Amino acid sequence: MDWLISLFTNTNSVAHIALLYAIVIFVGVYLGKIKIGGISLGVSFVLFAGIFAGHIGFTGPTDILNFLQDFGLILFVFCIGLQVGPGFFESFRKGGIELNMLSCLIILLNIGVMFGCYYLFFDTSNATNLPMMVGTLYGAVTNTPGLGAANEALTNVFPKGNVPQIASGYACAYPLGVLGIIGATIAIRYICRVSLDKEEDELKRDEEEDPHAKPHTMYIRVANSYIAGRTLKQITEFLNHDIVCTRMLHNGELIVPNRDTVLEMNDEIHVVCAEADAEAVQAFIGPEIQVHWPEEDKDQPMVSRRIIITNSAMNGKTLGKMHFSSIYGVNVTRITRQGMDLFANRDHRFLVGDRIMVVGPEDNVNRVAELMGNSTKRLNAPNIATIFVGITLGILFGSIPFAIPGMPVPLKLGIAGGPLLIAIFIGRYGYKIHLVTYTTTSANLMLREIGLVLFLASVGIKAGAGFWDTVVQGDGLKYVGTGFLITIIPILIVGPLARMKYHFNYFTIMGMIAGTYTDPPALAYANQLCSKEAPAVGYSTVYPLSMFLRIFTAEIIVLFCCGA
């Protein structure tokens with residue numbers, strides 16, 4: 001039995017450290033799946049498992065705990081940045097400006113309420129109370145990356161060995177944070193007298209009426225003598241609306257037109273455009289018709305095929321410069337990225353992982369498929385080099401000191417902010433430096449979860465030794481109460497504002513709140529109530545900016561306030 005006792009007590013053994021993390025992580029993950037009232041804490045329960053392990057003395061060398069904590073944090077925030085990068089800037093162009101402004105207001109109010117509670121309920125002369133309130137803030141908003149950023153920034157402010165274990169405040173506030181977000185969104189329903197059935201009907205009507213939701217297809221007869229004898233390129237420029245002409249019946253012959261094809265009176269064309277532009281296109285070209293086209297050549301049948309871009313050489317190329325119609329005799333009618341259908345605009349830049357709908361003769365479509373890659377197997381191969389190139393750049397960028405007057409130490413983005421920013425820019429603009437940033441959703445989630453559980457386990461184990469004195473015998477109840485106030489007050493202010501002033505649908509508001517708090521349980525609750533995509537749209541619209549601000553403001557609060 002000596003070997004077993006040594007395995008659990010010899011903290012310098014590699015086997016002991018591996019066993020420590022394995023036990024803490026699997027216990028935390030399994031307990032996190034337990035639902036109470038339909039709500040679970042998820043993977044964050046690893047933190048509580050780590051605290052218990054640290055409390056009973058099941059721990060490891062501090063240097064190893066610190067390394068695994070920081071490496072896990074880097075991996076976690078970098079993979080988040082890669083995920084949100086492609087949609088980070090686009091989220092401001094899709095009617096999301098108001099939602100992102102409301103999200104920013106919630107974040108500022110969270111910080112404001114935290115400082116208010118700190119000055120009202122805590123001894124401001126105690127140097128550790130403000131850092132503990134920062135930990136409470138990030139537990140209240142259920143944002144683990146913010147906790148990591150704050151924890152890392154504290155190492156630059158406090159002497160080595162004296163860094164406050166703010167995970168205790170986080171652990172106190174987190175459970176009621178999850179419940180408070182959902183409870184506050186329910187309260188908004190009653191404050192604003194919302195009928196869920198009416199909100200659902202409104203979404204259904206908007207979906208039916210939204211002319212920009214999806215591409216629109218129709219058959220048109222050329223009836224405008226002004227455009228007769230002009231090329232498709234000229235007609236598109238005159239019309240000033242994006243259209244794609246996939247097929248054309250000219251003098252009884254069915255052809256695939258290109259930008260230089262000349263239209264004549266009574267030609268019949270198959271057009272794809274935004275639904276909002278359909279009426280203008282008909283008014284300019286001619287009426288919509290029912291067609292009875294001759295059978296296509298059996299040797300060269302017309303096909304529509306969805307092709308996946310997996311050839312890295314296509315990364316960053318624009319649709320207009322590919323000349324699909326003139327060179328390959330096919331047309332691209334729509335593009336799908338991250339589950340969203342996009343109209344095939346000439347200025348669209350391809351990224352690896354995009355899916356395009358190609359229409360044309362079968363042989364021509366096959367040639368385009370070969371050009372674009374169209375290899376699912378290639379997508380499944382992870383781009384490891386890109387990840388570690390990005391992490392290298394992120395650590396270098398995060399280590400650059402920025403001297404700001406009045407601050408005791410130079411501002412650094414650190415190992416949380418630096419990799420996050422670099423990952424966002426690489427995710428969006430990596431093609432400019434020939435980096436393929438695509439990873440499958442499952443691969444990204446796996447790396448994120450590994451990084452997260454390493455970070456949570458390390459923080460929990462380190463905080464466990466002093467958890468009882470700090471929380472149970474100390475100000476634990478204050479952290480619980482103030483955390484709950486930090487959670488609900490901003491929601492109860494901004495939620496009714498979003499409803500009464502901006503007239504957002506209630507389900508969109510629920511998604512926006514869940515995204516601002518980066519809280520999947522709140523999104524899952526909203527999705528249970530709504531059969532439409534409104535909660536997910538609200539969540540995804542504000543999530544990129546919210547995640548960035550949560551991490552960035554964590555470091556700013558610590559460096560400006562805790563270091564003063």
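Packing order of peptides 14-21, 501-508, 148-155, highest average first: 148-155, 501-508, 14-21 (average count of other Cβ atoms within 10 Å over each peptide's residues). The Cα center of segment 490-564 and the Cα center of segment 224-274 differ in position by 46 Å. Inter-label distance, S13 to F238: 8.4 nm, where each label sits 7 Å from its Cα along the C-beta direction.
Quick note: the coordinates plus some simple rules give every number you see, no bench work behind them. Since we're looking at a predicted model, the values are computed, not measured. Quick reminder, even Gly has a Cβ in these numbers, built from the backbone with ideal geometry, and neighbours come from all protein chains shown.
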